[in-house]
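A.B. asks: Please find one structure pasted underneath; my questions will follow.
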Ligand code: SF4
Ligand code: SF4
Ligand code: SF4
């Protein structure tokens, strides 16, 4: 798969259809995001496999947004998995990226990763290479739903109490880009002390991500306190889906029900 | 560090941080782990999820205490009494590991005899912790399959700091909880590279890898390597000794690198006086700190992002740091500054890179001998790593084989803090950190986002005391000790018990270290930051 990916990137770079490609590199024994440009050695390019396939992931779209803001007229390629592609669709909708300035290079995820993510769509629409696996049902959400209210409540309060307010969940999120973050709004979340205001801090973020989160799970991976943030956002996404028939990033030309006035759209 | 080195032969964390996940019981004492070492806290939270138990002892309630099986709030400066009480219980209930003690330790009898006339009731009376709680603490620790101790400055920053650490070592040896996966004694180090600085001999008495400067093979070896006939064999000065040396006109010049003693040292007014008095003060730092403002010469150093080299973290792991941007302005990496000055003094240094220096370190330091830059790609290596083939050492003292040979018990009795409350200064005061800031704030207070979180200092006070003083949350109070006074805002919280106040020391405007007591531990020379007596009044 990786050879085909490199071939594709080489093609794009040498024909000059993109200015650069945001992908991953192995350097000094670590995996890191990297902008590959014409003439760069693609030997060190990697797909983020360290111990397991795809276990070193980064918010490449976030890197892309930063670059695109600096070079608004240029076209860039970006390595995408299913969630990253959902992210691109969301970022187009939210005017953070322009579709005609982005060339996605899609790879599907192996079954093991799809299982670990409980991913609804572990592959992008456009695949450069590799075999795709079907989506996985949301067992984690269902298991949690099956617990009684007081168990759920104390579970979440215990989890939130571990928060050290590092903002890692926000800082890694490919869909977080607001200039003024509601987590830093003192009318919502008080500052200056730990534990943070719970559950306000975490619910504020969950609400703010309701029509944006594309379920990549990077926030949960980044959380130093191992708070199961992804499960919380999966539940939020499920509510969005039941109430409005909306799933963030699933369709290229989606509209968010939260930015429409009027009755709920047909499901 | 001195305490652990005396008991085990090595002063570092005995386990890898990740091993804490595997501990059945983790005893946290004098460490605000979630705030000060969040990634260590991660492992502790995982241990809890794996079914492990956490027990916490701290005079001030911290975040991780909420997750504890048992949290106890002992009186300030009574750690030895608490630990001796626990060990009394362990001996009374016959929970000690006799085989481990017999095979791997020495001086047990003297330790045991000294405990003979100390009762749990006495421990309870000194610490303010109930007998039942001391018993539970002791049993939870002693009966665990694998138990780990985690401690930090709450243990060491006392006039009895070394005694406190030795008592923790006693506790671990008594129950055989040392030298096993997920089981040991773990001091958490603050700075990313404070372990590395100590490893490199940035201490008055040792070369790299804790090889003594006094006459002996190490001294000879270094003299030979550096091409000189002999090296000084006298032990240098500790920080408090330097300051008193200035007063006595014995120290004429001081070169401070990356430290901010005007804010970080006890009795700050006194520190300022000494620094003003010294004939030549050179400060090397990345920002113009309050200390640098007093300097005759400021040498601009570089931040982590501007230099190559290695860091050794709290779990003895040596990792690479790589330059991401060129040094800003006239700044230079520290090694270049030192080399330039050495050359001007006439001792030629011709290193061309940090790698070359590292190779010299490895050639002169047995515990680093097997480490080289090419082996540091990826996650790095934990010393001791004596040979090129050695995989590094996740936990020390395996199978009871202590670095010093046998583990040494120390007979230790409770001593009160250097300063205790009285009618004039009726409140106990202790210091510590907040989540958004690090140390004197030289770096963190220059960060917009961290400054946003916590902009100014505050004093934590129990509601009962606030009521007596007739102050409310956010009021100003005047706080004074025998050494100075400051004005500060208060925060009312149950985290501190009545009669005890707490203040973070990151803030030079309300510098709590004007009040702290410079009395220090006789061996480690660490000042008693954690205990002093103060008086408070409404401002
Ligand atoms: S969420 Fe996980 S499985 Fe799904 S596309 Fe992303 S990485 Fe792959
Ligand atoms: S899973 Fe987390 S990191 Fe990913 S989009 Fe959702 S909130 Fe952001
Ligand atoms: S990453 Fe985790 S600990 Fe950090 S702010 Fe988010 S929830 Fe809290």
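A.B. asks: Of all residues being outside any loop (DSSP other than H, G, I, E, B) and touching a helix residue (DSSP H, G or I) at 6+ places or on another chain (Cβ under 8 Å) in segment B:199-215, which is nearest to residue B:258 (Cα to Cα)? Just the residue, please.
C.D. replies: B:199
A.B. asks: Let me ask something else. Within segment A:183-195, track down each residue that is free of Cβ contacts under 8 Å to residues at least 12 places away in the same chain, more than 23 Å from the chain's Cα centre (by Cα) and closer than 15 Å to residue B:436 by Cβ.
C.D. replies: Those that are free of Cβ contacts under 8 Å to residues at least 12 places away in the same chain, more than 23 Å from the chain's Cα centre (by Cα) and closer than 15 Å to residue B:436 by Cβ: A:186, A:190, A:191, A:192, A:193.
A.B. asks: Separate question: Name every residue in segment A:159-178 that is more than 9 Å from chain B (Cβ to nearest Cβ) and surrounded by fewer than 21 Cβ atoms within 10 Å (Cβ to Cβ), in order of residue number.
C.D. replies: A:168, A:170, A:171, A:172, A:176, A:177, A:178
A.B. asks: Next question. For residue B:48, are the conditions met, namely being outside any strand (DSSP E or B), within 14 Å of another protein chain (Cβ to nearest Cβ), in contact with a strand residue (DSSP E or B) (Cβ under 7 Å, 6 or more places away or on another chain) and surrounded by 22 or more Cβ atoms within 10 Å (Cβ to Cβ)?
C.D. replies: no
A.B. asks: Go through the residues of segment B:340-347 one by one and say whether even a single one is at positive phi and assigned to a loop (DSSP other than H, G, I, E, B).
C.D. replies: Within segment B:340-347 (the criterion being at positive phi and assigned to a loop (DSSP other than H, G, I, E, B)), the answer is yes, since at least one residue qualifies.
A.B. asks: Please specify each residue of segment A:63-75 satisfying the condition of being buried (at least 22 other Cβ atoms within 10 Å of the Cβ) and touching a helix residue (DSSP H, G or I) at 6+ places or on another chain (Cβ under 8 Å).
C.D. replies: A:68 - this is the single residue of segment A:63-75 that is buried (at least 22 other Cβ atoms within 10 Å of the Cβ) and touching a helix residue (DSSP H, G or I) at 6+ places or on another chain (Cβ under 8 Å).
A.B. asks: With the condition kept exactly as written, say whether any residue in segment B:287-294 is part of a loop (DSSP other than H, G, I, E, B), out of contact with any helix residue (DSSP H, G or I) (no Cβ under 8 Å at 6 or more places or on another chain) and buried (at least 16 other Cβ atoms within 10 Å of the Cβ).
C.D. replies: The answer is no, given that none of the residues of segment B:287-294 is part of a loop (DSSP other than H, G, I, E, B), out of contact with any helix residue (DSSP H, G or I) (no Cβ under 8 Å at 6 or more places or on another chain) and buried (at least 16 other Cβ atoms within 10 Å of the Cβ).
A.B. asks: Return the residue satisfying two criteria in turn: it lies in segment A:100-138 and is part of a helix (DSSP H, G or I) and away from ligand 1 (no atom under 13 Å from the Cβ), and of such residues it is farthest from the other protein chains (Cβ to nearest Cβ).
C.D. replies: The residue in question is A:100.
A.B. asks: Among the residues of segment A:139-157, are any more than 14 Å from chain B (Cβ to nearest Cβ), within 16 Å of ligand 3 (Cβ to nearest atom), over 17 Å from residue A:228 (Cβ atoms) and not in a helix (DSSP H, G or I)?
C.D. replies: Checking segment A:139-157: not a single residue is more than 14 Å from chain B (Cβ to nearest Cβ), within 16 Å of ligand 3 (Cβ to nearest atom), over 17 Å from residue A:228 (Cβ atoms) and not in a helix (DSSP H, G or I).
A.B. asks: What residue, of A:31, A:63, A:22, is under 19 Å from residue A:116 (Cβ atoms) and not in a loop (DSSP other than H, G, I, E, B)?
C.D. replies: Of A:31, A:63, A:22, the one residue that is under 19 Å from residue A:116 (Cβ atoms) and not in a loop (DSSP other than H, G, I, E, B) is A:31.
A.B. asks: Condition first: surrounded by fewer than 22 Cβ atoms within 10 Å (Cβ to Cβ), assigned to a loop (DSSP other than H, G, I, E, B) and more than 16 Å from ligand 3 (Cβ to nearest atom). Can you find one or more residues in segment A:76-92 that meet it?
C.D. replies: Within segment A:76-92, none of the residues are surrounded by fewer than 22 Cβ atoms within 10 Å (Cβ to Cβ), assigned to a loop (DSSP other than H, G, I, E, B) and more than 16 Å from ligand 3 (Cβ to nearest atom).
A.B. asks: Could you tell me whether any residue of segment B:353-364 is more than 30 Å from residue B:469 (Cα to Cα), assigned to a helix (DSSP H, G or I) and within 14 Å of chain A (Cβ to nearest Cβ)?
C.D. replies: Scanning segment B:353-364 turns up at least one residue that is more than 30 Å from residue B:469 (Cα to Cα), assigned to a helix (DSSP H, G or I) and within 14 Å of chain A (Cβ to nearest Cβ).
A.B. asks: Go over the candidates A:262, A:192 one by one and state the one that is closer than 30 Å to residue B:432 by Cβ, in a loop (DSSP other than H, G, I, E, B) and more than 14 Å from ligand 2 (Cβ to nearest atom).
C.D. replies: Within the list A:262, A:192, the selection yields A:192.
A.B. asks: Just give me the residues in segment B:143-162 being over 14 Å from the mean Cα position of the chain (by Cα) and buried (at least 24 other Cβ atoms within 10 Å of the Cβ), in sequence order.
C.D. replies: Passing the criteria: B:147, B:148, B:149.
A.B. asks: Residue A:55: under 17 Å from the mean Cα position of the chain (by Cα) and either surrounded by fewer than 14 Cβ atoms within 10 Å (Cβ to Cβ) or not in a strand (DSSP E or B) (or both), yes or no?
C.D. replies: yes
A.B. asks: Another question, then. Tally time: how many residues in segment B:399-437 are part of a loop (DSSP other than H, G, I, E, B) and away from every other protein chain (no Cβ under 14 Å)?
C.D. replies: Residues meeting the conditions: 22.
A.B. asks: Go through segment A:196-243 and give me each residue that's away from ligand 3 (no atom under 11 Å from the Cβ), under 15 Å from the mean Cα position of the chain (by Cα) and part of a loop (DSSP other than H, G, I, E, B).
C.D. replies: Across segment A:196-243, the qualifying residues are A:209, A:210, A:211, A:212, A:213, A:214, A:215, A:216, A:217.
A.B. asks: Now a separate question. Which one is surrounded by the fewest Cβ atoms within 10 Å (Cβ to Cβ), of the residues in segment A:34-52 that are outside any loop (DSSP other than H, G, I, E, B) and within 14 Å of another protein chain (Cβ to nearest Cβ)?
C.D. replies: Ranking the qualifying residues of segment A:34-52, first place goes to A:46.
A.B. asks: Can you confirm whether residue A:179 is free of Cβ contacts under 8 Å to residues at least 24 places away in the same chain, away from ligand 2 (no atom under 16 Å from the Cβ), within 22 Å of the chain's Cα centre (by Cα) and not assigned by TED's automatic domain parsing to the domain that holds residue A:83?
C.D. replies: Answer is yes for this residue.
The values are calculated or read from the model by the stated rules, or taken from the named source; none is laboratory data. In this text the structure is predicted, and so the values were computed from the model without any measurement. Glycine also receives a Cβ, built like all others from the backbone with ideal geometry; neighbour counts cover every protein chain displayed.
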